[in-house]
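Participant: This is the structure, below, for whatever I ask next.
The values are calculated or read from the model by the stated rules, or taken from the named source; none is laboratory data. Remember, it's a predicted structure, so these values are computed and weren't measured experimentally. Please note: Cβ atoms are built from the backbone with ideal geometry, for glycine as well, and neighbour counts cover all protein chains shown. Just the protein is used for accessible areas: all its heavy atoms, side chains included, with ligands, DNA and RNA removed. Shrake-Rupley method; radii C 1.70, N 1.55, O 1.52, S 1.80 Å.
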Amino acid sequence: MPTVKHILEQRLSAQLAAVTGVKAQANVITASRPEFGDYQANGVMAVARQQKTNPRELAQKIVDALLADGPDKEGLVERYEVAGPGFINIFLADKWLDTRLQQLQVNTDALLPDTDRPQSIVVDYSSPNLAKEMHVGHLRGTIIGDCLARVQERLGHHVIRQNHVGDWGTQFGMLITYMQQIMVGNNSLPTALADLESFYRAAKEQFDHDPEFAERARASVVKLQAGAPEYTEIWRRFIEESLRHCEAVYERLRITLTRDDLRPESFYNADLGEIVQLLDDRELLTVSDGARCVFLPEFTGKDDNPLPVIVQKSDGGYLYSTTDLAAIRFRCGTLAADRILYVVDVRQSLHFQQIFAVARRAGLASEACALEHISYGTMMGTDGKPFKTRSGGLVKLIELLDEAERRAFELVTSKNPGLEESRRRHIGRTVGMAAVKYADLSKNRSSDYVFDWSSMLSFEGNTAPYMLYAYARIKSILRKQDGMISVEARLRITAPEERELALKILQFPETVELVARECYPNHLCSALYELAGSFMRFYEACPVLKAEASVRDSRLLLAGITAETLRLGLELLGIETLEQM
Ligand code: ARG
C-alpha cells in the first residue's frame, strides 16, 4: 500500500499534466496548518508561471478535473480547496482513515510497505582505525550509520554493510615491534593489550624517543607488507584483539555490524598497484615531487593552485585515497551497488569529493551508482570544545557507555527506589544506551553536536527517556484492558485529537521514506516525538477506560497502533523499548 502522500502526488500530478499538457510534479506535502487541510499541493504555481496563466484559475481547473472524474473511488479525499496564490488544500475523509487504521490493526507490517524499487545499497560506517581503541570520534558514525542501514533494509533494499576498518599502514609496524619487545621481555601480551589506548601510547612514546626502536619499527612495516609470517602472525593477533574491543562496543549499542561486514583496508592491498596502473592508462597521473598524483581542474587550493589526490608516494607506498579508489571499484563492480553511503566525519568531505570525482573520471564507478558522503559534525562538550576527558585526552567509547549506564541507573533508582535491583539495572542499561543514541540521532547530523548528559537523560522534550516512557505508558494502559476488547471492535474517529493521532500514524511511513532518501535520522526522531505528543493530547482529551464500550474499544485499538508505530520507529533507530518503566 503506497503512502497517502504518494497516492495524492500521483493523482494530482496526473491532472496537472492532463490540464496543462506539461509533465510536472504537483508537489504534495503535509499541510503546514490544520486550516490548510491535511496535505497541500504547491506545484501548480510553478507551472502557471511557466505557461503565463493565472495560478488560481489553473488550480481551480485541476480541482474541477479531479471532481469531474467522479466520486473518489477509494473515498480518500473529503474535499479539495483552492487557496492563497494557487495552492490546493486537501482534506482527507475520516472514514478512509478509519478503514486504513483498521487494516493496520490486523497487519502492522503494512504500516511500512516495501519499496517498489529495491536497490543494492552499500553503507560504509563505523570503520574505526584498529591501531587504537574506539573513541568518541567514532560514536556518531557508528550510530547514524547503523540507523540508516536499518531504515534502508526495512524498506526492502538490499543493504550491504561495510566496516572499512583501518588495519594497515605504518602505525602497525610500530605496534608489532612493541609487541615483539614485550614478548621477549616475558611480559604478558594479553595483559598489555587489555588497554589498547595505553598500549598505543607506550609504543608511540618509545617510537618518538628511541631511534633504534623507530628503525626496527620501520623495518617491520616492510616485512609486514612483504608478508613475512612472523610479522603477519603478530599483526593478526593485534587486529583480533582490537576487533574484540570494537565488538564489545557494538554489542552494548546494538550495532548490527558483524564479522561478515568487515572489509578492512588490507583487503584491498592486492588491488592498489592495479588501480594506479589504471589511472596511468587513462592518462590521469602526474608525477609531482616523486609522488604519483591525480590533478582535477575542479579542485584548487590557495591561490588557485591545483590540489592533488596522491595515490602513490615517492617511496612506492600507497595511501588512504588509493584504498578508497579500490573500494569504490569493488563496491560498484563486485558488490553491484546502486548507491554507496559513506557515513564519515565532515572533515573528510574534500577527500570524498576528490575520490568520487577521480573514480568517475577513471571509470571505477559508473554514473548509475550514486556516491554520497553522509557527513556529520564533531561531538562537542558542554564547554563548546571538542569532547575530551578532564585531562584533555580522547574519551574511550567503552568508558563513555559505562558512564551512560551508571547515570541512567541512578536516575531510575531516584525515580523508583522500590523496584527490584535487577529490574533497575536492566532499565538503566536500556535507557543509558537509548539516551546516547537518541541524543545523537535527534540532532541534524550536519552540525556539530553538544554531548550533554543532563539533557539526554531528561524526561522532558525530545529525548530517549521521554520516548521510552511514552511507549511504556501506552503499554500499561493496554495491559489494564487486556482481554476486554471485543473481537468486533471497530476503529472510529470522532474527536479531533483522535484524528490528529491517526494522521500522524499514517504519515509515519512518509517520514521513513524521507530518511531513506536524504539520510537525516533526526526527521524520524521528530516524527516519533510528535506522534508521542499527539497521543498524550488524545489521552488527555478522550476518556478511554470510562467511555462506552464501542468507543473504548476503538480508542484502545488506536492506542495499540500508536504503540506499535513507536516501537517500530525506535527499532529503526536501533533503540530497544521497555514494556514497563
Ligand atoms: N578509518 C577511517 C577513520 O577512522 C574512516 C574510514 C571511512 N571509510 C572510508 N571508506 N574511507 O578516519
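Participant: Suppose the filter is within 16 Å of the ligand (Cβ to nearest atom) and of a type in the set (Asp, Glu); does Asp167 pass it?
Facilitator: Taking the combined requirement at face value, the residue satisfies it.
Participant: A follow-up question, please. Restricting to segment 535-580, name every residue that is small (Gly, Ala, Ser), assigned to a loop (DSSP other than H, G, I, E, B) and at pLDDT 95 or above.
Facilitator: Answer for segment 535-580, where residues must be small (Gly, Ala, Ser), assigned to a loop (DSSP other than H, G, I, E, B) and at pLDDT 95 or above: just Gly574.
Participant: Of all residues in segment 88-117, which are over 24 Å from Arg567 (Cβ atoms) and of a type outside the set (D, E, K, R)?
Facilitator: Listed by number, the residues that qualify are Ile88, Asn89, Ile90, Phe91, Leu92, Ala93, Trp96.
Every residue, every condition in (1) of a type in the set (Asp, Glu); (2) buried (at least 19 other Cβ atoms within 10 Å of the Cβ); (3) without any contact (Cβ under 8 Å) to a residue 40 or more places away in the chain, yes or no:
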{"position": "Gly483", "(1), (2), (3)": "no, no, yes"}
{"position": "Leu491", "(1), (2), (3)": "no, yes, no"}
{"position": "Ala495", "(1), (2), (3)": "no, no, no"}
{"position": "Leu506", "(1), (2), (3)": "no, yes, no"}
{"position": "Pro509", "(1), (2), (3)": "no, yes, no"}
{"position": "Glu518", "(1), (2), (3)": "yes, no, yes"}
{"position": "Leu528", "(1), (2), (3)": "no, yes, no"}
{"position": "Met536", "(1), (2), (3)": "no, no, no"}
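Participant: Something else about it: Only one of (1) open to solvent by less than 50 Å² (accessible area, probe 1.4 Å); (2) under 32 Å from the mean Cα position of the chain (by Cα); (3) at pLDDT 95 or above fails for Glu153. Which number is that?
Facilitator: Checking Glu153 against (1) open to solvent by less than 50 Å² (accessible area, probe 1.4 Å); (2) under 32 Å from the mean Cα position of the chain (by Cα); (3) at pLDDT 95 or above, the one that fails is (1).
Participant: Of these, Glu81, Glu74, which one is part of a strand (DSSP E or B), of a type in the set (Asp, Glu), open to solvent by 10 Å² or more (accessible area, probe 1.4 Å) and away from the ligand (no atom under 14 Å from the Cβ)?
Facilitator: None of the others qualify; the one that does is Glu81.
Participant: Within segment 284-304, track down each residue that is without any contact (Cβ under 8 Å) to a residue 12 or more places away in the chain, assigned to a strand (DSSP E or B) and open to solvent by 70 Å² or more (accessible area, probe 1.4 Å).
Facilitator: Matches in segment 284-304: Val287, Pro297.
Participant: All but one of (1) surrounded by fewer than 22 Cβ atoms within 10 Å (Cβ to Cβ); (2) touching a residue at least 60 places away in the same chain (Cβ under 8 Å) hold for Arg479; which doesn't?
Facilitator: (2)
Participant: One residue is enough: does segment 166-178 have a residue meeting the conditions open to solvent by less than 30 Å² (accessible area, probe 1.4 Å), touching a strand residue (DSSP E or B) at 6+ places or on another chain (Cβ under 7 Å) and not hydrophobic (A, V, I, L, M, F, W, C)?
Facilitator: Yes, segment 166-178 contains at least one residue that is open to solvent by less than 30 Å² (accessible area, probe 1.4 Å), touching a strand residue (DSSP E or B) at 6+ places or on another chain (Cβ under 7 Å) and not hydrophobic (A, V, I, L, M, F, W, C).
Participant: Still on this structure: Can you pull out the residues in segment 232-251 that are in contact with a Lys or Arg (Cβ under 9 Å, 6 or more places away or on another chain), within 16 Å of Phe267 (Cα to Cα) and either in contact (Cβ under 8 Å) with a residue 60 or more places away in the chain or open to solvent by 30 Å² or more (accessible area, probe 1.4 Å) (or both)?
Facilitator: Hit for segment 232-251 is Leu243, nothing else.
Participant: Let me ask another. Would it be correct to say that Arg201 is away from the ligand (no atom under 16 Å from the Cβ) and more than 25 Å from Lys396 (Cβ to Cβ)?
Facilitator: It is false that Arg201 is away from the ligand (no atom under 16 Å from the Cβ) and more than 25 Å from Lys396 (Cβ to Cβ).
Participant: So, one more: Kindly establish whether Ala26 is open to solvent by less than 20 Å² (accessible area, probe 1.4 Å), over 25 Å from Leu501 (Cβ atoms), at pLDDT below 95 and not in a helix (DSSP H, G or I).
Facilitator: So Ala26 passes the test.
Participant: For segment 310-338, which positions are under 17 Å from Asp261 (Cβ atoms) and more than 14 Å from the ligand (Cβ to nearest atom)?
Facilitator: Hits for segment 310-338 are Thr334, Ala336.
Participant: Right, next: Restricted to segment 89-141, and to residues that are within 16 Å of the ligand (Cβ to nearest atom) and hydroxyl-bearing (Ser, Thr, Tyr), which residue is most open to solvent (accessible area, probe 1.4 Å)?
Facilitator: This residue is Ser127.
Participant: From the list Arg347, Arg329, pick out the single residue that is outside any strand (DSSP E or B), within 17 Å of Tyr125 (Cβ to Cβ), among the basic types (Lys, Arg) and within 33 Å of the chain's Cα centre (by Cα).
Facilitator: Every option except Arg347 fails the conditions.
Participant: Okay, moving on. Collect the residues in segment 366-387 that are within 23 Å of the chain's Cα centre (by Cα) and at pLDDT below 90, keeping them in residue-number order.
Facilitator: Pro386, Phe387
Participant: Sticking with this one: Could you check, for segment 442-454, whether at least one of its residues is loosely packed, with under 13 Cβ neighbours inside 10 Å, without any contact (Cβ under 8 Å) to a residue 24 or more places away in the chain, in a helix (DSSP H, G or I) and of a type outside the set (Asp, Glu)?
Facilitator: There is at least one residue in segment 442-454 that is loosely packed, with under 13 Cβ neighbours inside 10 Å, without any contact (Cβ under 8 Å) to a residue 24 or more places away in the chain, in a helix (DSSP H, G or I) and of a type outside the set (Asp, Glu).
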